[in-house]
Amino acid sequence: MSELFTTVVLLLVFLASFTHYTQAGLGGMSAALRQFGMFLLEKAAGPATDMFQNRKGDGARTWMQTGVFWLTLAAVGGFLGAWHNYDPTALDSLSNIGWGWDDGSAMDHFTYVSMSTALFSILLGGAFVAHSRTTNSALASEASASMMAMAWTGQTLFGLLLPLLGDWFDFEVGALEMALYGLVSAALVAGLLVNSMITLGNRGNAPISVSSWFLILSLAILLFSRVAEAFGEMLGCTTTVWIADIMGSSWVTLGLIFAVGYHVIPHVTGQPIWSGSLTKASMFLLYLSVPPFFLTEANHADNLTLSLGAIMVTMGMLPVLAGSFNLTATMRGNAGAMVSSPGATAAAAGAFLLPLFAVIAFFTGLNVMVGDGSMADIADTVNHYFLYLVGGLFSMAALYHSYPLVTKRSLEGAADLSVYIVVIGGVVSFASAIMGDWSMNALVEAEVEDPTSGVSGFTLTSAFAFYGITIGFLMAASNTVKTLLQGTAQDSDSMSYSDVSAYTLVEGTTSVRDLLGRGVGLDTVLVIGESEEEGASGTTIIEVSADLHNDEVDEFPSNFDEDLVELTHWLCGRGTTTAQFFNWADVDKSGEIDMFEFANALRVADIADLPPWDISKLVEVMDINGDGRLNLPELDIALLNIRNTLGIEFIPYEEEAEESEEAEESENDEVDALMKPSKSELSKMKKAELVEVAKSLGLETKGTKADLLERIQA
């Protein structure tokens, strides 16, 4: 428990200090630290840095190119592993040339390392592109970034060969060797982080973009995890090593995935990030919880540690789902552009599949970490396909979108086809593998003599469908090479600050910082009170906010919804203003009318008795800010538009000479009916909601829920 407490406290202090000084700066020390950082990047390595060019974009390009090398190895290794899972004797014929196949664990380790390295390299390169574009500058040292890419490949190859070297030279790879290897890796990450932080200082007074936050936080977490893992190995702190391993795998991978996704999708669609709140949730909660991927058994943890771990894993679902939903919602502003861009299509497919993998990984991962471990094989399969399918798709998004930007060349090759092949092949292979694992568990529990024969069909289908991932990855590598060598030179500058050309401001409040955080730039056109939606004839409807409304506007079509027209006639004929109707319909006095309240108002007014799906469409017509509710300006704009366009005359209440006391009583009865929901609706309300209804009717609010129901229904 002491190891866990110490590691978590150090992590929180590190994150708090890092984010604070990143945002606030270091004051008078900034210039000195910047100069020292540039010395480390360009001079400390001696002539090694001079071997690489310092042109704008070279660092990101080198990282993605080395990632393509690892992606090719991962594609071949993954296919061999899938085929070996079906037929362990498939490659025994190669034994005469020295091939020796074990139980498959060595190939599994090779595919995991190669695919993890491919994802890290490609996604980091894509994040560097986003970082450079949003800071409107090149990396502080492009040559250093390129050198780090080659060094990372070298140290990964050395790590793969280290067990073989131990066998050849008859020495055992122990904790000290692994600690030294981790410290070397940490030194490389520190160089990348310094490079990114100095580049961040070139942004001037602009806020830090979402992709830049994900990049620097991921590198900071990776640095902390490598150092913690190294000291944990040397000191024998197994819990620290366990935590560090989870941080270095799931946190960093998801952080770089979001860094690429939050750059590619807004750039392609030209739309700002959909929700600032979901952005913050996906960003900061990711590094304060435990994502459900790559969870391992906590052998040396006590019950309290396991309980806290389970809670953190449950919390870890929130940033994953928030980020996925936020990216998906951002796409809807310009779906046509998403389909026409292979990189955006790959990012969209990855965002759609991410929640599915997160949910399955949550249950299987918890079983491994705090359960009996019976789902360990299923958890390994989920993690394996998470890397290959979700991670692979976001890597293809970086290769098909960010790589052409940084090379300033047009994308070449059958990029669209490769994305579709990976999606179809990966989904079929994953589904077959999961069904095979579930069946295997059931057969083992039933003590079947030969359980492998019962799942051979699933493993064969999974191995065959994995062809799609392998072929798609090889096509992606080929397309990257073609783009570099045969792509047409592009004149557009890849270093522009904002990809959002226009942003619509609607009713409500916001801040400049919030707008900038959603991707709005200094050159973005702000449209005040304008909203677009598709009309029946495919024409564009422009709605103007109440304070800018002009009776001479004639862009509104006359084919209004008949129920809204009937509501306008009903209000104008009674001399009821929109504000009066709004206050009448707003039963809970929240300042907004939800779909239930609006449907109730239309039904009581004898205008229409609509089902929920029709009410949803009706509210959507008037809902300018897209929150699913109606505020007073939205309702007033819609009804005033109908009234002016159709020439509906408003009859003031004072001019109704024929108004009698009976009519007033009838109106009061209608108001009471609206304020009093039906019996079935009341039964579904919570006690707090019933108290509000009773208060609005002037009734006693004390007592149980049954007492409140009896008073309201009386």
Quiz item: If you take the beta carbon distance between residue 32 and residue 590 as r and set R0 to 60 Å, what does 1/(1 + (r/R0)^6) give as a FRET efficiency, to the nearest 0.05?
Solution: 0.65
Exercise. Along each of the three principal axes of the Cα atoms of the stretch 2-486, give the extent in whole Å, ordering the values from largest to smallest.
Key: 73, 54, 49
Self-check item: Label-point gap, in nm, between residue 304 and residue 352 - each point 7 angstrom along Cα→Cβ
Solution: 4.7 nm
Quiz item: At q = 0.23 Å⁻¹, what log₁₀ I(q)/I(0) does a Debye calculation on the Cα points of the stretch 116-229 give, no solvent, two decimals?
Solution: -1.30
Self-check item: Interchain or long-range residues, amide H under 5 Å from residue 409's placed H
Solution: 490
Quiz item: If you average 1/r over all unlike Cα pairs in the stretch 334-441 and invert the result, what Kirkwood radius do you get in angstrom?
Solution: 15.1 Å
Quiz item: In sequence order, what are the phi-derived ³J(HN,Hα) couplings for the stretch 215-226 according to the Karplus relation 6.51 cos²θ - 1.76 cosθ + 1.60 with θ = phi - 60°, rounded to whole Hz, with x for glycine and proline?
Solution: 5, 5, 5, 5, 5, 5, 5, 5, 4, 4, 5, 5
Quiz prompt | 14 Å reach of a label modelled at residue 42, 7 Å along Cα-to-Cβ, counting backbone N of the stretch 187-208 | solution = 195, 198-199
Exercise. Give the dimensionless ratio obtained when the Cα radius of gyration of the stretch 30-83 is divided by 2.2 N^0.38 Å.
Key: 1.76
Quiz item: In what sequence do 434, 257, 311 fall when counting other Cβ within 10 Å, fewest first?
Solution: 311, 434, 257
Practice problem: Starting at the first residue of the stretch 193-200, write each ³J(HN,Hα) from the Karplus equation 6.51 cos²θ - 1.76 cosθ + 1.60 with θ = phi - 60°, in whole Hz, x for Gly and Pro. | Solution: 5, 4, 4, 5, 5, 5, 4, 4
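A short reminder: the numbers here are calculations on the coordinates, not readings from a lab. Remember, predicted model here, so these are calculated numbers, not experimental data. Please note: Cβ atoms are built from the backbone with ideal geometry, for glycine as well, and neighbour counts cover all protein chains shown.
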